[in-house]
Amino acid sequence: MGEPATNPVLEMTGIRKVFPGVVALDGVDFRLYPGEVHALMGENGAGKSTLIKVLTGVYEIDGGDIRLNGEEVRIAGPIAAQKAGISTVYQEVNLCTNLTVAENIFIGREPRTFGKISWGTMRKRAAELLKRLDLDIDVSEPLSRYSLAIQQMVAIARAVDIQAHVLILDEPTSSLDASEVEQLFRVMRRLKADGVAILFVSHFLDQIYEISDRLTVLRNGQLIGEYKTAELPQVQLVERMIGKELATLESLEDKAQRSRKRTAAAEPILQAKGVGRTGAIAPFDLTIHQGEVVGLAGLLGSGRTELARLLFGADRADQGELSIDGKPVTLRDPQVAMKRGIAFSSENRRTEGIIGDLSVRENIILALQAARGWTRPIPRRKQDEIVDKYIKALSIRPADPERPVRNLSGGNQQKVLLARWLITEPRLLIIDEPTRGIDVGAKAEIQKLVAELSDGGMAVLFVSAELEEVLRLSHKIAVLRDRRLVEELDNSAGVDAERIMQTIASGATS
Amino acid sequence: MTILKNRLFWPAAILLALLIVNVFTSNQFITLQDGHLFGTLIDILRGSAPLVLVALGMTLVISTGGIDLSVGSVMAISGAVACLLIKDLGNQNAVGSVLLIMAVAIAVSALLGLWNGSLVAIVGIQPIIATLILMVAGRGLAQLITDGQIINVQSSPYATIATGFFLTLPVAFLIAVAAVALITVLTRRTALGLLLESVGGSPSASRLAGIRAKRLTIMVYVVSGAFSGLAGLIYSANIKSADSIYAGNLIELDAILAVVIGGTALIGGRFSILGTVLGAILIQTLQVTVVGIGVPSKATLLFKAVVVVVLCLSQSAIFREKVFGRFKPRPAVRAEVPA
C-alpha cells in the first residue's frame with residue numbers, strides 16, 4: 001500500500017544467540033519495512049539461518065529484543081510466529097504433495113459450515129487467492145501434479161493468507177529455472193505492492209540485485225551493515241560478505257607467497273571437457289596436472305562443491321567427457337574414481353566424512369580397507385603402524401587411536417579425514433572446505449600439508465570459501481559464479497583478491 | 001565403577017540373578033546323569049540355541065540399520081522342507097541323506113534371505129516392509145509345503161540336532177557355539193564387521209569412502225536367512241515334526257529384543273555379538289524361570305514384559321540418573337548408588 005515506510009514492521013535490536021562454544025549472533029540489528037524486499041546476505045556460518053530461526057521461534061534469543069509493529073514480542077515457537085504474522089517458506093517446500101492445492105492452502109483451518117468442511121468454499125477461496133498471485137491453476141488437482149515453482153507459490157499463497165505481514169523466503173530460488181524465478185519474482189512484487197515485508201535469502205547475486213530494495217550483511221554472527229541495494233556495488237558487497245579488506249588480503253598473500261614453480265612438462269592427470277550436471281553445474285572444461293594445486297573460488301552456492309563432486313563420482317555427470325591419464329572414464333560411483341587414484345574429502349564433515357561411532361583408527365583405515373574389500377583385512381599391526389604414523393605426521397589430538405572420532409574437535413576430525421585419504425596414496429586429492437570451522441592452528445597445519453603434498457607431486461583440487469587461502473595455495477584458480485565456471489586464472493603476479501572478487505561479482509572477465 | 005558403566009553389566013547381573021533363582025526352584029540345576037550333563041541349566045542352554053542363531057543373524061542385519069521380520073517364517077519353511085523330504089526317505093535314519101536334506105533346507109533359507117536382501121538393497125524397499133512381505137507370505141508358503149498338515153518324522157539322526165548330546169553337552173548348544181564362533185571370526189577377523197558398522201553408522205559417509213554397501217547388505221540378509229533356517233531345523237527336530245503355524249512364531253521380537261539388550265542400537269552401527277548371545281540366553285532363562293517359580297500360565301507374558309521393562313530401564317542412563325540421582329546429594333556419591 002501507499003504508506004510511507006516510516007515505521008518498520010519488524011525491528012530486532014542487539015539480538016544475541018549463543019550455542020555451546022559458539023556465539024552464533026552477536027548483537028545483530030535487523031529492520032524490515034512494509035512493502036520492501038530485504039535481502040539477508042552472508043557466507044556460510046554468518047548467522048543467516050540462526051537469525052531466521054530466531055524470527056520463526058525455533059530458537060529462543062539470549063539477548064536483545066524483537067518488536068513487531070512497535071510492540072515488544074517474545075516468539076515462543078513456530079505457531080506463535082505464525083500467529084504474530086510471520087510466515088516462512090523454506091527451500092524444501094513443506095507441503096503435502098499428495099493433497100490437493102486447495103487442501104494444502106487451507107489445511108488446519110478449513111472453512112466449515114456446521115462442523116462439516118465446505119469443499120466448494122475452500123476451492124473457490126483457494127482459486128481467488130492464487131489469482132491474486134497471477135496463478136491460474138486447477139486447485140482440485142493434487143499438488144504433486146505441479147512444478148516445484150508452482151508448489152512454492154502455493155506455499156507462499158498459504159503463508160500470505162494466514163495474514164502474514166512478514167514473509168520469509170529462505171532460498172526459494174535454488175532449485176528453480178530462470179523462467180520459474182521470473183514467475184516467483186512477479187509474485188513477490190505483487191505482494192510487495194500489497195505492503196507485505198519480505199525477507200529474502202538467496203545465493204544468487206544477480207537475483208539479489210534484481211529484486212531486493214535493501215540488504216543486510218552478516219559475517220561471523222556480527223552485523224556488518226545495512227545498505228540500499230542500488231547504492232552498494234557488487235564488488236563491495238562480496239568484500240563485505242567475505243570480510244577481508246582488499247588491502248589486508250593482499251598483504252597476507254604477500255607474506256605467505258610460496259614458490260609456485262612447477263615443471264611445465266607435468267602430465268595432465270585429469271581432463272574435463274564440457275562436463276556438467278543439470279541443475280547442479282553448467283558444463284565446464286578443467287585440466288589438472290601432476291603436482292598442481294587448483295583452487296576453486298566463488299561464493300557459497302556458486303557450484304564449487306557440485307563441480308568437485310562430479311570429479312569423484314560422488315554425483316554423476318550427465319554430460320561431457322572426463323579422462324584420467326588421457327583415457328576416457330565414466331565415474332559411476334566413488335569406487336571407480338578411487339581406483340584411478342582420486343580421493344575426495346567432503347565439506348560435510350559430519351554427515352559425509354567421519355563415522356562418529358567408530359574409532360580414530362577405524363576411520364583412518366576405512367577408505368583403504370574399502371578399496372581392498374572385506375575379505376582382505378589390513379593386519380592389525382600394519383593398521384597401528386599406519387595410524388600412529390599419521391597421528392604423528394598430522395598431529396592429531398588427542399593421540400589416542402581407539403577414541404571414538406566423534407569426541408575429537410572439528411579440526412582433528414578433518415585431519416583424520418585427510419589421513420584416511422592420504423593412506424590410499426592418491427594422485428589427485430579433492431578437498432572441499434577442509435578448513436571451515438576449525439581453529440587457526442589446525443588451519444595453518446592443513447594449508448602447510450597441502451603445499452607439501454603438491455611439492456611431492458600430488459595434484460590437489462582445493463575448494464574453499466576463503467579467498468585468502470585459495471590465493472595462497474593455488475597454482476591455478478577457477479572462479480565460479482551462479483553454478484558456472486566463469487574464468488580460469490593462472491595465479492601469477494597480476495592476480496590478487498580484487499581481481500577474483502571482480503570476477504565473482506560481475507562474471508565478466510573484464 | 002567402570003564395570004557398572006559397561007553396557008552388558010545389567011543384563012549379565014539380571015541373568016545371574018535369574019540363574020540363582022533357578023538353583024533354588026529347580027529340582028536339579030546341573031548334574032551328570034546317563035553319561036551327559038542334565039538339569040535346568042542344560043535345558044536353558046539347549047533351549048536357547050534357536051534364539052541365539054536367529055539373534056546372531058539379526059545382529060548383523062540391525063548393524064547395517066536394517067531389520068529382518070521374516071526370521072520366524074523362514075524357520076517354519078526350513079522345518080517344513082526338511083520334514084517333507086525326510087518323510088519320503090526309504091530309511092529315515094540314513095545319516096548321509098538327512099544331512100543332505102538339512103543342507104537343502106538351509107540353502108532354501110539362504111535363498112529367502114537373498115530375496116529379502118535384494119528387496120532392500122536393489123529395489124530399495126524399507127527393510128521393515130521388505131521383510132514383512134516374507135513374514136506374512138512365508139508362513140503361507142510353509143503351510144503349502146506341508147499341505148496344511150503337521151508332518152511327523154521318525155528320524156533319529158534328525159532328532160539328534162535338537163535332543164542329542166556330544167561330549168556330555170547338548171548338540172543344539174554346540175551348534176549355537178559353533179555359529180557364534182563362525183560369526184565372530186567372519187566379522188572380527190576380516191574387515192566385514194568394520195564395513196558393516198560403517199554402513200550402519202553413516203551410509204552417505206561410507207559411500208564416499210568407497211564402500212559398496214549393496215553387496216554387504218544382501219549378504220547380511222542371506223546370513224540371517226541361513227541361520228534362521230538352521231534354527232528352524234533345531235526347532236522341528238525337537239518336536240520331530242514340521243509345525244508351520246507355531247514354528248518360530250513371534251521369535252523375531254525375541255531376537256530383536258536380544259540384540260537390543262546386547263547393546264546394539266536399532267539405528268545401526270556398532271554391534272556386539274557377545275551382547276546378543278547374552279541377551280538371547282537371558283530371554284530363554286526368563287522363560288524357564290517363569291515356569292520354574294510357578295507363575296500361572298495366564299500371567300506368563302505379563303511377567304516377562306515386566307522383567308523386560310525393568311531391564312530396559314536399567315540400561316537407560318537418563319532413567320538411572322532420575323531415579324537414583326533424586327535420593328542422593330547431587331555431585332558426591334553417585335558411585336555408590338547402583339551397588
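No lab work stands behind these numbers, since they all come straight from the coordinates. On a predicted model such as this, the values are computed, not experimentally measured, just so you know. Note that we place each Cβ from the backbone using ideal geometry, even for glycine, and neighbour counts take in every protein chain shown.
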Task: GNM result for chain B, Cα springs below 10 Å: residue of B:Gly117, B:Gly201, B:Gly269 fluctuating most strongly - done: B:Gly201
Open item on the list: Against the 2.2 N^0.38 Å scaling, with N counting residues, where does region A:10-243 land? I'd like the Cα-based Rg ratio to two decimal places.
Closed with: 1.04
TODO: Give me the orientation-averaged projected area of the Cα convex hull of region A:377-416, in nm², one decimal.
DONE: 2.8
- [ ] Could you calculate the contour length gain from B:Ile245 to B:Gln126, that is, 0.36 nm times the residue separation minus the distance between their Cα atoms, to one decimal place in nm?
- [x] 40.2 nm
TODO: Using only Cα atoms, locate the centre of region A:265-302 and the centre of region A:31-75, then give the distance between them in Å, rounded to an integer.
DONE: 38
- [ ] In square nanometres and to one decimal, what's the mean projected area of the convex hull around the Cα atoms of the protein assembly as shown?
- [x] 45.8
- [ ] May I ask you to list the trypsin sites (Lys or Arg not before Pro) in region A:78-178 that are in a DSSP loop and have at most 12 other Cβ atoms within 10 Å of their Cβ?
- [x] A:Arg109
Task: A:Asp400/A:Ser147 FRET efficiency (R0 41 Å; Cβ-Cβ; nearest 0.05) - done: 0.20
Task: Qualifying aspartates and glutamates (Cα of each under 20 Å from Cα of B:Lys304; at least 8 residues distant if same chain) - done: B:Asp43, B:Glu252, B:Asp254
Task: Cα-projected label distance for B:Phe166 with A:Ala371, points at 7 Å along beta-carbon direction, nm - done: 4.4
Task: Over 26 Å between alpha carbons, listed pairs A:Lys48/A:Lys228; A:Lys83/B:Lys322; A:Lys192/A:Lys228; A:Lys443/A:Lys476; A:Lys48/B:Lys322; A:Lys53/A:Lys448 - done: A:Lys83/B:Lys322; A:Lys48/B:Lys322; A:Lys53/A:Lys448
- [ ] Mind checking A:359-367 for the average number of partner chain beta-carbons within 10 Å of each residue's beta-carbon?
- [x] 3
Task: Distant-in-sequence amide H partners of A:Leu480 (H built 1.01 Å from N, under 5 Å) - done: A:Ala297, A:Gly298, A:Val486
- [ ] Using every pair of alpha-carbon atoms in region A:399-505, split the distances into 5 Å bins beginning at 0 and state the percent of pairs per bin, rounded to integers.
- [x] 2, 10, 21, 21, 18, 14, 8, 3, 2, 0
Open item on the list: Quick check on the exposure proxy: order B:Phe227, B:Phe38, B:Phe24 from fewest to most C-beta atoms within 10 angstrom.
Closed with: B:Phe24, B:Phe38, B:Phe227
Open item on the list: How tilted is helix A:246-255 with respect to the longest principal axis of chain A? Cα atoms for both, answer in degrees (0 to 90, nearest 10).
Closed with: 10
- [ ] Taking every Cα atom in region A:137-214, find the radius of gyration and the maximum pairwise distance Dmax, and write them in Å.
- [x] 12.5, 38
Task: Label point distance in nm, B:Ala265-B:Leu144, each placed 7 Å from Cα along Cα→Cβ - done: 4.1
TODO: Could you list A:Thr305, A:Thr330 in order of exposure, starting from the residue whose Cβ has the fewest other Cβ atoms within 10 Å?
DONE: A:Thr330, A:Thr305
TODO: Per DSSP H run of at least 4 residues, take -39500 (n - 2.57); add these up for chain A, divide by its residues and hand me the 222 nm value, nearest 500 deg cm²/dmol.
DONE: -10500 deg cm²/dmol
TODO: Report, in order of residue number, the helices in chain B meeting two criteria: a C-alpha extent of 27 Å or more along the helix axis, and a mean Kyte-Doolittle hydropathy of at least 0.5; treat each whole DSSP H run as one helix.
DONE: B:95-118, B:213-239, B:273-292
Open item on the list: Springs between alpha-carbon pairs under 10 angstrom, Gaussian network model over chain B: which of B:Ala258, B:Ala94, B:Ala176 fluctuates most?
Closed with: B:Ala94
TODO: May I ask what percent, to the nearest 5, of DSSP beta bridges between residues of the protein assembly as shown are antiparallel?
DONE: 60
- [ ] Order by neighbour count: B:Val222, B:Val177, fewest other Cβ atoms within 10 Å first, most last.
- [x] B:Val177, B:Val222
Task: Interchain or long-range residues, amide H under 5 Å from A:Leu358's placed H - done: A:Val405
TODO: Excluding A:Ile431 itself, calculate the net charge of residues whose Cβ lies under 12 Å from the Cβ of A:Ile431, where each Lys or Arg counts +1 and each Asp or Glu counts -1.
DONE: +1
TODO: Using θ = phi - 60° and the Karplus relation 6.51 cos²θ - 1.76 cosθ + 1.60, list the HN-Hα couplings for region A:288-303 in order, rounded to whole Hz, with x at every Gly or Pro.
DONE: 10, 9, 4, x, 9, 9, 9, x, 10, 10, x, 6, 4, x, 7, x
Task: From phi via Karplus (6.51, -1.76, 1.60), per-residue ³J(HN,Hα) for region A:204-216 in Hz, x at Gly/Pro - done: 8, 4, 4, 5, 4, 6, 6, 9, 8, 8, 9, 9, 10
Open item on the list: Inside 10 Å of the C-beta atoms of B:192-205, what's the mean count of C-beta atoms belonging to other chains?
Closed with: 6
Task: Gaussian network model of chain B, Cα within-10 Å springs - most flexible of B:Leu208, B:Leu41, B:Leu84 - done: B:Leu208
Task: Calculated SAXS-style log₁₀ I(q)/I(0) at q = 0.14 Å⁻¹ - region A:356-425, Debye, Cα scatterers - done: -0.35
Open item on the list: List the lysines whose Cα sits under 29 Å from the Cα of B:Lys298, skipping any in the same chain fewer than 8 residues away.
Closed with: B:Lys240
Task: 0 to 90° range, to nearest 10: angle between helix A:440-455 axis and chain A longest Cα axis - done: 50
Open item on the list: Roughly how far apart, in whole Å, are the Cα centres of region A:440-510 and region A:392-407?
Closed with: 29
- [ ] Measure nothing fancy, just the Cα-based angle from helix A:410-422's long axis to the longest principal axis of chain A, in degrees from 0 to 90, nearest 10.
- [x] 50
TODO: Evaluate region B:1-65: find the radius of gyration of its Cα atoms, find its Kirkwood radius, and give the ratio Rg to Rh.
DONE: 1.10
Open item on the list: If I take R0 = 35 Å and measure r between the Cβ atoms of A:Asp496 and A:Lys228 in this structure, what FRET efficiency does the formula 1/(1 + (r/R0)^6) give, to the nearest 0.05?
Closed with: 0.80
Open item on the list: Tell me which chymotrypsin sites (Phe, Trp or Tyr not before Pro) from region A:91-194 have a DSSP coil assignment and no more than 11 other beta carbons within 10 Å of their own.
Closed with: A:Phe114
Task: Gyration tensor (alpha-carbon) shape descriptor, chain B, a/c threshold 1.5 - done: oblate
Open item on the list: I'd like to know how region A:304-431 sits against the 2.2 N^0.38 Å rule of thumb: what's its Cα Rg over that expected value?
Closed with: 1.09
TODO: Please turn the phi angles of region A:338-353 into ³J(HN,Hα) values with the Karplus equation 6.51 cos²θ - 1.76 cosθ + 1.60 (θ = phi - 60°), one per residue in order, whole Hz, x for glycine and proline.
DONE: 4, 4, 8, x, 10, 10, 9, 10, 6, 6, 8, 3, 6, 8, 10, x
- [ ] Return the distance in nm (one decimal) between the two label points of a simple spin-label model at A:Asn98 and A:Lys131, each offset 7 Å from Cα along Cα→Cβ.
- [x] 3.2
Open item on the list: Can you give me the long-range amide H partners of B:Gly164? Hydrogens built in the peptide plane at 1.01 Å from N, cutoff under 5 Å, separation of 5 or more residues or another chain.
Closed with: B:Val171, B:Ala172
Task: Euclidean distance between Cα centres, region B:146-213 to region A:318-351, Å - done: 37
TODO: Within region B:102-146, find all residues whose amide N lies under 16 Å from a label point positioned 7 Å from the Cα of B:Arg212 along Cα-to-beta-carbon.
DONE: B:118, B:121-123
